[in-house]
1. What does the extension gain come out to for residue 234 and residue 544, with contour length at 0.36 nm per residue minus their alpha carbon separation?
2. Set the Förster radius R0 to 41 Å, insert the Cβ-Cβ distance between residue 282 and residue 408 as r into 1/(1 + (r/R0)^6), and round the FRET efficiency to 0.05.
3. Among 318, 528, which comes first, then next, by fewest other beta-carbon atoms within 10 Å?
4. From the C-alpha gyration tensor of the stretch 315-542, pull out the three semi-axes of the equivalent ellipsoid (sqrt of 5λ each), sorted largest to smallest, in whole Å.
5. Per residue, how much space in cubic angstrom lies within the convex hull of the C-alpha atoms of the stretch 408-452?
6. Under the 0.36 nm per residue contour assumption, what length would be gained going from the current alpha-carbon distance of residue 260 and residue 292 to full extension?
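Coordinate-derived values only; no laboratory data. Computed from a predicted model, the values in this text were never measured in an experiment. Every residue, glycine as well, gets a Cβ built from its backbone with ideal geometry; the counts of neighbours run over all protein chains shown.
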Amino acid sequence: MERWLLLVSVVVLVCAMIPVWFSSATKASTGKQDPMMFFPQVSEYSKDCRSVQEQRSSAYHKSGVYVIKPDGYQEPFEVYCNNEFNSGGWTIIQRRTNFQFLFNRPWQDYRDGFGFLSGDFWLGNDKISYITNQAVYELRIDMVLTNGSSFSIKYDAFRITDEFSQFALVHVGTFEGSSEPVITRCPPNMTYKNCSCQPTCGDPSGIQQCIVNCDEIEACVCLDGLLRLGDECVSPSQCGCFIPETNSVITEGGTFFNADCSEQCTCTNDYLTCYSGYQCNNNAACREKDGVRQCYCNDGYEGDGETCDVLYRDCYDVYVAGHTEDGVYTIAPRGWPGSAFRVFCDMTTSGGGWTVFQRHGDGETDFYRNWRSYKYGFGSLKRNFWLGNEQIYYLLNQKSYKLRIDIVNSKGVSLFDEYATFRLGDEDTKYRIVEQGAYTGTAGDGMHYTRGYKFSTFDQDNDECDIHNCAEKHRGAWWYIGLTQCSRCHTGSCTTFKYGSGSCHTLCTISNPNGEYRGGVGQNVFWVYNCYLRLSEMKIRPAS
């Protein structure tokens with residue numbers, strides 16, 4: 001079976017350059033005037049491509065784009081004239097060579113025309129109507145098949161009506177072909193379609209058979225409601241994996257559970273195998289979710305429903321469950337909309353059970369990043385990373401958490417700050433710090449000014465400093481402070497940057513653990529009076 005490549009040009013040949021009741025017709029006619037033809041009007045433009053060829057100099061005898069104005073049409077318009085077919089003078093009304101160009105269009109597009117004359121296009125029914133009602137026109141259709149063979153067909157009297165009559169095809173004339181057209185006849189219960197997915201008993205939705213390239217899948221397909229089984233189209237009940245309970249067919253390799261999940265059926269090689277005695281885990285229930293019925297683990301557990309393991313909400317849950325070694329574990333905070341994700345758990349510092357959401361210890365990972373990167377997280381959990389503001393938000397809003405920041409200063413001294421409570425708002429609030437409790441520690445209270453402020457990155461300037469983009473100036477991302485601090489004149493230090501042409505320095509923060517790491521130490525990474533940090537690590541644990 002040949003498939004149509006549809007390298008198609010539908011062309012109109014002017015058989016007479018004037019209406020057929022004039023004597024200069026080049027094709028024999030009855031000489032009778034068709035009452036539905038438009039009355040001719042004098043035009044300074046050629047009426048069609050044959051007129052272009054005959055009325056103009058030899059320079060106009062090449063194929064290309066020309067301007068015409070058919071009798072009665074209000075404005076002149078461009079057409080593509082093909083002068084290579086026998087004797088030339090063909091007005092191209094359609095060309096289609098590329099299936100990526102959309103021809104599935106509404107009435108208005110086909111009325112007015114669309115596409116590009118040098119490529120794929122439809123000239124427009126309104127224009128075609130005016131052209132074909134000037135005289136008797138011959139229609140030629142040229143086609144090329146996928147194997148490279150080509151043929152043409154012609155009709156000797158082609159004409160359509162106007163829009164009032166819905167562009168009806170009133171004449172087509174006698175058929176003449178260069179070779180016998182290829183006609184595909186589909187078997188019973190099938191129809192020929194282009195760019196369609198073939199549903200089968202093994203794949204009722206047709207997804208596995210659906211290929212993006214329409215060229216590869218136009219074929220005879222089953223009628224709606226039927227599925228392909230071998231070379232035949234059958235009703236779903238004739239498929240081997242038909243489920244009477246739901247009057248549907250399950251996909252090859254798919255599984256079906258009955259109403260109480262006591263029976264499980266699996267489709268293998270188009271054959272349904274069922275066994276009774278299936279039982280949900282004690283921590284699971286039989287229910288339907290997203291249209292699929294099976295055993296689902298209860299809230300707080302994860303698994304396939306037959307096996308359900310405890311789902312940890314944070315590193316403290318992991319610690320309480322007996323896992324006391326530092327490392328990467330999987331958690332899913334309450335309310336988290338996505339899949340469980342991996343975190344680094346500090347199980348040794350100050351009682352253990354800390355969920356680490358930031359570590360910055362060298363220059364291998366770039367922390368000068370945009371809003372999206374900080375929203376979803378980046379880096380390696382075993383080296384440098386930011387967990388992600390979305391993950392941090394869901395973690396902190398499960399219960400009351402405390403915050404701890406461990407740093408190592410430029411001299412190698414380990415220090416810490418700890419806050420009794422810590423909580424963020426969601427992205428709509430720009431991850432604003434909505435709660436920050438009492439401070440204890442040795443690192444200098446580096447978050448003293450951050451309470452109530454929004455998170456900022458270089459591409460989302462959410463600080464309250466009208467003079468500077470603090471994230472850009474400090475080459476980082478943080479809860480930068482407001483106008484009160486950034487407008488003051490300070491002496492130079494690692495926490496400030498030069499302001500103006502004088503000797504003034506200014507600052508947006510007293511801590512910048514996500515600053516750009518330069519050189520052997522963190523030149524833009526500081527915590528209060530601790531400049532050039534070697535390491536910073538931020539972590540949370542339930543407050544009680």
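1. Values: separation 310, 0.36 × 310 = 111.60 nm, distance 6.46 nm.
So the extension gain works out to 105.1 nm.
2. Details: r = 47 Å, r/R0 = 1.15.
Step by step, r from the Cβ atoms, then E = 0.30.
3. On the way: 318 24, 528 18.
Final ranking by Cβ density, sparse to dense: 528, 318.
4. Numbers: eigenvalues 164, 71, 51 Å².
They are 29, 19, 16 Å, listed largest first.
5. Working: hull volume 3.7 nm³, N = 45.
That works out to 82 Å³ per residue.
6. On the way: separation 32, 0.36 × 32 = 11.52 nm, distance 1.30 nm.
That works out to 10.2 nm of additional length.
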